[in-house]
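Following: one structure in structure tokens, then a few remarks.
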Amino acid sequence: MTTRVTVTDDDGADLPSDLAPLSARVAHALRAGMPSDPVGRVGVAFSGGVDSSLLLALAARTLGVDQVVAVLGVSPSLAADERRGAHDVAAHLGVALVEVSTHEGDNPAYRRNGPDRCFHCKDELFTRISDEVAGRHGLVAVAYGENADDARRPDRPGARAATNHRVLRPLADAGLTKAEVRSLARALGLPNADKPAAPCLASRIPHFTEVDATRLAQVEAAEHALRAMGFVDSRVRHHGDVARVELPADDLVRAVSPDVRDRLVAGVTAAGFRFVALDLAGIQSGAFTLPLVEVTRG
């Protein structure tokens, strides 16, 4: 049974004066993208990261918690830790969370792992939401957490899938940068406001190396071992027998200290790698995709 959306004026009166306008801009962008006389709910494509969490929180403030549904795509590319974290955030906000199984791994174009891999993943997610979630939960619109910084990057092919499926992007439309997203998330008391970015596990596999369940599981196990050692922000890049570990610069010295190095090597090799390399360049967002996208566009 669908119910009429009650749209409230989120004027941000309970927020610091410099952040209240940001909240209001997102609320306006969300309302502008919805049907003029909506009957039903809004679905938020939800990963548990700070961007989609802020969008979920602001959608709930604007429309009411009963009129928003968090939709979490579940597949081998989603780490179990991320899945649990997403449920925790949705519960904190009091918003219903629906899981949908995605099958991007059945798509040869996704497994091929070209620079457009994220397009195929997002296309699968948005298709599943349309086919399996929208009708059952009365969704009149779907939104996702692209921010203004993401919108300017050339290595985000998932944005094309969002456009094809008419998915709303209120954070980007409101002009919120990543720094502003985090500031607003802190002001709203979101438990993951300072959570490091956590792209899907497939992003750890070099382009044109096939994405398969075995490689994804190796990456997940190795990164879980690093988090258990206190390395909360890490990437384990899969280079066959070699795991190339990326850590923030401040963690590099600790990683090679005598009391940590042996445990780090043991934890990563237990995931199925033979060798462990520590990348002195630190964490590099988009390192696999950006060079290929720039060549293609050049």
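The values are calculated or read from the model by the stated rules, or taken from the named source; none is laboratory data. Because the structure is predicted, anything quoted here is derived from the model rather than measured. Neighbour counts are summed over all protein chains in view; Cβ atoms, including those assigned to glycine, are modelled from backbone coordinates with ideal geometry.
Per the conditions (1) assigned to a helix (DSSP H, G or I); (2) more than 17 Å from the chain's Cα centre (by Cα), the sole criterion not satisfied by His238 is (1). Kindly establish whether Pro21 is touching a residue at least 40 places away in the same chain (Cβ under 8 Å), over 30 Å from His224 (Cβ atoms) and surrounded by fewer than 24 Cβ atoms within 10 Å (Cβ to Cβ). No, not satisfied. On inspection, Val236 passes the criterion of being in contact with a helix residue (DSSP H, G or I) (Cβ under 8 Å, 6 or more places away or on another chain) and of a type in the set (A, V, I, L, M, F, W, C).
Does any residue of segment 186-199 turn out to be crowded, with 19+ Cβ neighbours inside 10 Å, in contact with a helix residue (DSSP H, G or I) (Cβ under 6 Å, 6 or more places away or on another chain), charged (D, E, K, R) and closer than 24 Å to Ser75 by Cβ? For segment 186-199, residues crowded, with 19+ Cβ neighbours inside 10 Å, in contact with a helix residue (DSSP H, G or I) (Cβ under 6 Å, 6 or more places away or on another chain), charged (D, E, K, R) and closer than 24 Å to Ser75 by Cβ: present.
For Val219, are the conditions met, namely being more than 14 Å from Glu82 (Cβ to Cβ), modelled with pLDDT of 95 or more and among the β-branched types (Val, Ile, Thr)? For Val219, the condition - more than 14 Å from Glu82 (Cβ to Cβ), modelled with pLDDT of 95 or more and among the β-branched types (Val, Ile, Thr) - is not met. Inspect segment 121-138 for any residue being under 28 Å from Val65 (Cβ atoms), outside any helix (DSSP H, G or I) and either in the same structural domain as Ala172 (by TED's automatic domain parsing) or touching a residue at least 24 places away in the same chain (Cβ under 8 Å) (or both) and give the result as yes or no. Scanning segment 121-138, I find at least one residue that is under 28 Å from Val65 (Cβ atoms), outside any helix (DSSP H, G or I) and either in the same structural domain as Ala172 (by TED's automatic domain parsing) or touching a residue at least 24 places away in the same chain (Cβ under 8 Å) (or both), so the answer is yes. Screening segment 177-192 for residues that are within 14 Å of Ser23 (Cβ to Cβ) and not in a helix (DSSP H, G or I) and picking the one that is nearest to the chain's Cα centre (by Cα) gives Leu190.
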